Amino acid sequence: MPVENVNKGVRYRDLTEEQVKLLAEQIARENLPKVNDGFVEFEIPDTFYTRYGKRALDIVISALALIVFSPIILVVLIATYFDVGKPILFKQERIGKDGRVFTLVKPRNMTNERDENGILLPAPERITKWGRFVRKYSLDELLNFWSILKGDMSIIGPRPLNAFYAARFSKRHNMRHKVRPGLECPLHDPSMGAMTWDNRFENDVWYVQNISFRTDIKMLFLLFRDTLWGRDRCSRADADVGGDFMGYTENGQVMTSEDVTEQQLIAVIT
């Protein structure tokens, strides 16, 4: 049952960070052993491209991008100051290659508005009009070229997720962290439909298994297509439309904050 429909008025958004952590830990204890049962770890392709070529291309492309886009980055930062004030940069710890944590930096595009209980409002309610514009055209991604140049990220790869998700992954989906995270890893198969959590993680695993120069060229084409004309461009502007990643159900389906039951919510607050 979606948390918005619980009879007793208990809502996921009203949980404290500690309560969310406890809820995710409980879900992991109950379901991860079953989900991980029988999983056999696989190796990523070991080629000249994966060892040297991909990183070399990342350095060249990110350095050129920072030079070319520096005027746009400056305009975005100035506009952000007038939109939300200081600080103009949003910093957050994200999961990198092999599970190492790094700091991602972006222009801030959400306010710090809170409800009557002092809890931050959901992201879609805090993003500003300027923030929606910036996200719609992926202008907030331009600073990520600095993370790519430093070696924290790659042009193509699984999107880096918040560090607090680290303990929630199944062994299979944790394989997405065997490579550097990227600006995006577009869905390689159109029949997968929308970019749900399930589809994203399965697509990331497919990418790790099939990483090559040819795969990255295909992904680059899909990235430009989706950024300029695709559905994902609009969905990014809406911010977190799929809820938070909470773990897995018993049958291995990804569970989000929208799937948490009333009983689970009540149990964590009592």
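Structure note, pairs 97/171; 106/136; 136/178; 136/218: Cα-Cα distances above 18 angstrom occur for 136/178; 136/218. A cut-off of 5 Å between modelled amide H atoms, ignoring neighbours fewer than 5 places along the same chain, links residue 92 with 104. Of all the options 186, 158, 122, the one that moves most in a Gaussian network model of the chain with Cα springs shorter than 10 angstrom is 122.
3J(HN,Hα) couplings calculated from phi for segment 249-262 with the Karplus curve 6.51 cos²θ - 1.76 cosθ + 1.60 (θ = phi - 60°) are, in sequence order, 7, 4, 8, x, 6, 5, 9, 10, 4, 6, 9, 5, 7, 4 Hz; Gly and Pro show x.
Let's test the formula: R0 of 30 Å, r as the Cβ-Cβ distance of residue 40 and residue 88. What FRET efficiency results, to the nearest 0.05?
Numbers: r = 46 Å, r/R0 = 1.55.
In this case the efficiency is close to 0.05.
3J(HN,Hα) along segment 125-138: 8, 9, 6, 8, 4, 5, x, 5, 5, 4, 5, 4, 9, 6 Hz, from the Karplus curve 6.51 cos²θ - 1.76 cosθ + 1.60 with θ = phi - 60°, whole Hz, x for Gly and Pro.
Taking every alpha-carbon pair under 8 Å whose residues sit at least 6 apart, segment 47-240 reaches a relative contact order of 23 percent. For the chain, the mean residue ellipticity at 222 nm estimated from helices alone is -13500 deg cm²/dmol, where every DSSP H run of n ≥ 4 contributes -39500 (n - 2.57) and the total is divided by all residues, rounded to the nearest 500.
For segment 51-59, 3J(HN,Hα) computed residue by residue from phi via the Karplus equation (6.51, -1.76, 1.60; θ = phi - 60°) reads 7, 10, x, 5, 5, 4, 5, 4, 5 Hz, glycine and proline entered as x.
Each of the peptides 135-143, 99-107 was scored by the mean count of other Cβ atoms within 10 Å over its residues; in descending order, highest first, they stand as 135-143, 99-107.
Under 5 Å between amide hydrogens, built in the peptide plane, is the criterion, and for residue 260 it picks out 3 among residues at least 5 positions away or on other chains. With the simple spin-label model, which puts each label point 7 Å out from Cα in the Cβ direction, the residue 258 to residue 217 separation comes to 3.7 nm. Taking amide H as placed 1.01 Å from N in the peptide plane, the amide H of residue 138 sits under 5 Å from none that are at least 5 places away or on another chain. Mean-square fluctuations from a GNM of the chain, with a 10 angstrom spring cutoff on Cα atoms, peak among 151, 131, 247 at 151.
Taken together, the values in this text are just the output of simple stated rules run on the coordinates, not laboratory data. Please read all numbers here as calculations on a predicted model, not as lab measurements. When we count neighbours, we look across all protein chains shown, and the Cβ atoms used for this are built from the backbone with ideal geometry, even at glycine.
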